[in-house]
Amino acid sequence: MARFLRGMIRSVCLICCLMLMIPAAKAKPLEEGTPMTLTAPSAMLMEAETGTVIFEKNADEKRPVASVTKLMTLLILLERLEDGAITLEDQVTVSPNAAGQTGSQALLDAHAVYPLKDLLKSTIIASGNDSAVALAEYVAGTEESFVSLMNEKAEEMGLENTHYANCTGLPTQDHYTTARDVAVISREITKYPLYFDYSATWLDSLTHPSGRVTDLTNTNRLVRFYQDCDGLKTGSTNEAKYCLSATAERDGMRLIAVVLGVPKSQTRFDEARAMMDYGFATYTRTQVARPGDLTGVQLPVKMGARDQVDVALGSGLSMLLRSGQAGKLSFETDLPDYVVAPIHAGDELGEIRVLLEGRIVARLPAVAAQTVGLPGLMEGFARLFANWR
């Protein structure tokens, strides 16, 4: 009976957890429409920690995004660096194909050997197409093979409206993404501290093996001219027009603003700035619950060494709330009338529902705060006798 009951409880909680695993970026945004006038054909404002979308505009419209493409290129590189497949000290030989790339360049020398960290730096800061291709060839052998990795990663991340044909974003057929997918990729990038070692830099330089020096200027003007902005990526071509994914962190909250397809360069920065200004002024990220917090509820335990078990939260919850909303949160429990020993600390007992103004906004697993074992032999007889009477 006890095993059956615990199995049923775990099944219910598993269903609840699966419901919570729906990607946040695909959930309904907090606001309908946009709170300011945006000329961008597609845009999105997201809070990075929770992935909560504050507002969006045509976020699933497929578009070329020029060098914003390199966010996926960089994500794959950062993953390889983290798992040790490549290192910043690796020496990379630049092929004529890489050195011959058009558009934004770090002016690499063909056949020259560069430290991988220099190519990563010039890709992040100056959006060098030659550096990006050189890195792609180093990781996968050819750019085409690297692009296959990009598309595999997009599929793994559930980016249904994204397809890559190169690693740079230079105009070509069958190469597109969306504001939503760019925001999701940007959110993943922000999980890598190494990225910010370069992206927050306004001016730097690249010393070539020959001794020649190329100045590197960050293509993201907000890094210099917007408080707390420390990344992400710009892009521009005739087809894509001017695009930007920007991020800033303030008072413990990181926002990501995506602006795609505006006709003037400065407009993308102005609109991203306005979006983040609104987000920082209107919302705060609130820690609603922490794993292990006691709920104040105790469940009766049958056939156990103790008569009750404390109920705790099995996971934490951080939410994006408007000013004053924290006081409108409430909680309700869904628990069985009792449980049967043995119960182990961490066993799922039911769920805790989090409500905002009476509407369920989250479901958290309720777990046993401590272990309740079976009673000793004499105590067991005493309890059995008491229950029999």
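Tabulated values for the structure
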{"read-out": "The range 272-377, relative contact order [Cα under 8 Å, separation at least 6], %", "value": "29"}
{"read-out": "Shape category assigned to the range 92-131 from the gyration tensor of Cα positions, a/c cut at 1.5", "value": "oblate"}
{"read-out": "Lysine pairs within the range 36-283, Cα separation less than 22 Å, 8 or more sequence positions apart or different chains", "value": "25"}
{"read-out": "Dipole of the range 36-283, positive end: most advanced residue of C229, A134, A154 [Cβ charges, Cα centre]", "value": "C229"}
{"read-out": "Coordinate range along principal axes, alpha carbons of the chain, Å, largest first", "value": "92, 46, 34"}
{"read-out": "Restricting the range 281-318 to trypsin sites (Lys or Arg not before Pro) in coil, as DSSP defines it, with at most 16 other Cβ within 10 Å", "value": "R306"}
{"read-out": "Sequence of E32, E348 once ranked by neighbouring C-beta atoms within 10 Å, starting from the fewest", "value": "E32, E348"}
{"read-out": "Longest to shortest principal axis, alpha-carbon extents of the range 207-323, angstrom", "value": "78, 41, 27"}
{"read-out": "Evaluated at q = 0.18, 0.26, 0.28, 0.30 Å⁻¹: base-10 log I(q)/I(0), Debye formula over Cα of the range 109-162", "value": "-0.66, -1.01, -1.06, -1.10"}
{"read-out": "Mean separation of Cα contacts under 8 Å, 6 or more apart, over the residue count of the range 36-283: relative contact order %", "value": "26"}
{"read-out": "The range 273-302: chymotrypsin sites (Phe, Trp or Tyr not before Pro) in DSSP coil with no more than 14 other Cβ atoms inside 10 Å", "value": "none"}
{"read-out": "Sorted peptide list for 207-217, 116-126, 313-323, criterion being average Cβ within 10 angstrom, highest first", "value": "116-126, 313-323, 207-217"}
{"read-out": "Sequence-separation-based contact order of the range 269-328, relative, with Cα cut under 8 Å and 6+ spacing, percent", "value": "40"}
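A short reminder: the numbers here are calculations on the coordinates, not readings from a lab. Remember, it's a predicted structure, so these values are computed and weren't measured experimentally. Neighbour counts are summed over all protein chains in view; Cβ atoms, including those assigned to glycine, are modelled from backbone coordinates with ideal geometry.
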